[in-house]
1. Pull out all pairs, ordered by first then second residue, where Cβ-Cβ is under 7 Å, the residues are six or more apart or on different chains, the first lies in the stretch 121-144 and is part of a helix (DSSP H, G or I), and the second is at pLDDT 95 or above and of a type in the set (Asp, Glu).
2. Restricting the stretch 44-68 to residues that are in a loop (DSSP other than H, G, I, E, B), modelled with pLDDT under 75 and open to solvent by 100 Å² or more (accessible area, probe 1.4 Å), which is nearest to VAL12 (Cα to Cα)?
3. Quick one: in the stretch 69-120, which of the residues that are small (Gly, Ala, Ser) and part of a helix (DSSP H, G or I) is nearest to HIS137 (Cα to Cα)?
4. Can you tell which of LEU97, LEU121 is surrounded by 10 or more Cβ atoms within 10 Å (Cβ to Cβ) and more than 28 Å from the chain's Cα centre (by Cα)?
5. Does THR33 satisfy the condition of being under 30 Å from VAL12 (Cα atoms), surrounded by 10 or more Cβ atoms within 10 Å (Cβ to Cβ), among the polar types (S, T, N, Q) and modelled with pLDDT under 80?
Amino acid sequence: MSDGGPTFQETVFSWVVSGRVPSKTREIPRTMTYMCSTTDLRELLARFWELESCTNKSTFSVEESMCEKIFRQTTVRDNEGRFVVTLPKKQHVIDQLGDSKPSAVKRFYGLERRFETNRELKALYCNFIQEYLMMGHMREVTSE
C-alpha cells in the first residue's frame, strides 16, 4: 500500500477497497470505501444473516456437556451469598483409587511426629487448620 493509495482487504463477503480520494473542490481529501463483488446481493445478504444469527451450537465434548449439566442442576447460593457447586466425578476413576485411608493415616502420624520436634511448624499448622475450619471450608467428621 502506498501512501494515499487504495487498500484491498478480503472479508467474508467479498473484497473491500478503501483509501483516500483526491478532491478538486475540497482542500481535505475524502476517504471512500467500495465493496467489489461478483456475488448476487441476495446471496450476500443471506450470508450476512447467517453470520449475524445467534445459534447455540454446542462445541462441548460429552464430558464437558455432563459437567455443564451437573453445574446447572446442582449449583445453589448459600445464606451468605456464596455459590455451592457439586464437583463432577468420574466414577470409573474413583473406583480405581482403592482404599487410601491407611496411607493417609500413616502420613498423618508422620506429620504429628514432625510436630514433636518442630513446635513452630505445629503452631502454624494448627492456626491454619483452625482458620480453615472457621471459614467453613471443612468440618469435623465424627463417624467412620
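The values are calculated or read from the model by the stated rules, or taken from the named source; none is laboratory data. Computed from a prediction, not measured in an experiment: that's the story for all the values here. Cβ sites come from the backbone with ideal geometry, for glycine too, and all protein chains shown count toward neighbours. Accessible surface is based on the protein model in full, side chains and every heavy atom, while ligands, DNA and RNA are left aside. Shrake-Rupley method; radii C 1.70, N 1.55, O 1.52, S 1.80 Å.
1. The qualifying pairs do not exist here.
2. Of the stretch 44-68, the ones in a loop (DSSP other than H, G, I, E, B) are 53-61.
Of the ones still in play, those that are also modelled with pLDDT under 75 are 53-58.
Then drop every residue that is not open to solvent by 100 Å² or more (accessible area, probe 1.4 Å), which leaves 54, 56-57.
Working: CYS54: 17, ASN56: 21, LYS57: 20 Å.
Ranking the candidates gives CYS54 first.
3. At the first step, the residues of the stretch 69-120 found to be small (Gly, Ala, Ser) are 81, 98, 100, 103-104, 110.
Those still in the list that are part of a helix (DSSP H, G or I) too: 103-104, 110.
Working: SER103: 23, ALA104: 19, GLY110: 24 Å.
Ranking the qualifying residues of the stretch 69-120, first place goes to ALA104.
4. Values: LEU97 fails: surrounded by 10 or more Cβ atoms within 10 Å (Cβ to Cβ).
Unique residue meeting the criteria: LEU121.
5. On the way: under 30 Å from VAL12 (Cα atoms): yes; surrounded by 10 or more Cβ atoms within 10 Å (Cβ to Cβ): yes; among the polar types (S, T, N, Q): yes; modelled with pLDDT under 80: yes.
Criteria met by THR33.
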